[in-house]
1. Points 7 angstrom from Cα along the Cβ direction at T128 and S176: gap in nanometres?
2. Which value, in debye to the nearest 20, describes the size of the charge dipole of the chain about its Cα centre when Lys and Arg Cβ atoms bear +1, Asp and Glu Cβ atoms bear -1, and nothing else is charged?
3. Could you report the accessible area of D118 in Å², rounded to 10, computed with a 1.4 Å probe on the protein chains as they sit in the structure?
4. Ignoring ligands, DNA and RNA, please state the percent of accessible area on the chain from carbon and sulfur, probe 1.4 Å.
5. Accessible area per residue, 1.4 Å probe, Å², for the chain: what's the number?
6. Any idea which of P129, L296, G54 is furthest toward the positive side of the dipole for the chain, if Lys and Arg beta-carbons carry +1 and Asp and Glu beta-carbons -1?
7. So what's the back-of-envelope 222 nm ellipticity for the chain, counting only DSSP H runs of four-plus at -39500 (n - 2.57) apiece and dividing by all residues, rounded to 500?
8. Given H placed on each backbone N at 1.01 Å, which residues far from R150 in sequence or on other chains put an amide H within less than 5 Å of it?
Amino acid sequence: MPNSPAVEVAGLVMRYGDKTAVDALDLRVERNTITAVLGPNGAGKTTTLETCEGYRRPHEGTVRVLGLDPINDRKALIPSIGVMLQGQGAWSGVKAMEMLKHIARLHANPLDTDMLADRLGLGDCGSTPYRRLSGGQQQRLGLAMAVVGRPEVVFVDEPTAGMDPQARRATWELLSELREDGVTVVLTTHYMDEAEKLADHIHIVDHGRMVASGTPIELTRGGTATIRLVVTKPFPEGAPASLQAALGPDIEVKPISDTSLLITGPADHTTLATVAAWCEQQGVLPESLNLGQRNLEDVFLELTGRGLAHTAGDTR
Ligand code: ATP
């Protein structure tokens, strides 16, 4: 269906026994975009993707990919989608390039496998058996396998987990080029910088629920400035409230930990002078005072009261 969105998920509920992993989730992905589903470990990102890929049947709600039902219309849909699973497997003894070429032969009009391997830095390990590839190399091979068939929509689950910075950049470039070529990319990640740099649209998921959606600029509200104040010893009791009172209602003060505060609003001379005077009055010594734009971490913190960056599995 040429005019349908690439992906349309409505009221999706997914359960594992008593646990509700995805809770009435709506998600719409327009064609020719990169969409990131961002959230901490266990948020329900993989389960949602697996449902779009036709590996799981919705317990409630509907899922359409290119206007088709991923389970009932599987035969019609499969040539149009590419899938990179988390911890993707391959036969342990198969050589990397053999595997990629095998997948390419299953498609009518595949990409040039040598070019793809070269782009993803797989050239040096083409004759290495799959089980001997590093985690990052296995990830890159998984991505190559997902895109080699020129899919219309590609689902990539945590595409850069375990990759070194160079491989991450190569992956981002490849995904951006795919979008230029008209491919729709749906990826999951818990790396904010990945979502912020790469995605046209970001959907933040937590506990199986959609907590915010928008472009990176919409989500970080463009020009709103932030000040991150970190002090050398824990704040006295009631400190955030007293700083809030000193700064007034146009500025928001949010505790991040007992030694750090996030101050959101116009970061002008008056704000800075007020923060400095307040520190003196409270007898706390600033260790750092960083001025910047509100980022996705701040947004996530505001929405959930928890940080996103230091979830399990995120080693950076
Ligand atoms: P991660 O970033 O760690 O991959 P995620 O956001 O992709 O997490 P899911 O893998 O979808 O989250 O898991 C959502 C919830 O469902 C988690 O609490 C998880 O423990 C649970 N879960 C996932 N798969 C299963 C399963 N096969 N059986 C039981 N519970 C599961």
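1. Placing both labels 7 Å along Cα→Cβ, they lie 2.6 nm apart.
2. 980
3. 110
4. Numbers: 7520 of 14890 Å².
Ligands and nucleic acids excluded, carbon and sulfur give 51 percent.
5. That works out to 47 Å² for each residue.
6. The one lying farthest along the dipole's positive direction is P129.
7. It comes out at -9000 deg cm²/dmol, rounded to the nearest 500.
8. Excluding prolines and chain starts, which carry no amide H, the hits are L111.
The values are calculated or read from the model by the stated rules, or taken from the named source; none is laboratory data. Being a predicted model, the structure only gives us computed values, none of them experimental. As a convention, Cβ positions derive from the backbone with ideal geometry for all residues, glycine included, and neighbour counts pool all protein chains shown. To get the accessible areas, we keep the full protein, side chains included, count just its heavy atoms, and leave off ligands, DNA and RNA. Shrake-Rupley method; radii C 1.70, N 1.55, O 1.52, S 1.80 Å.
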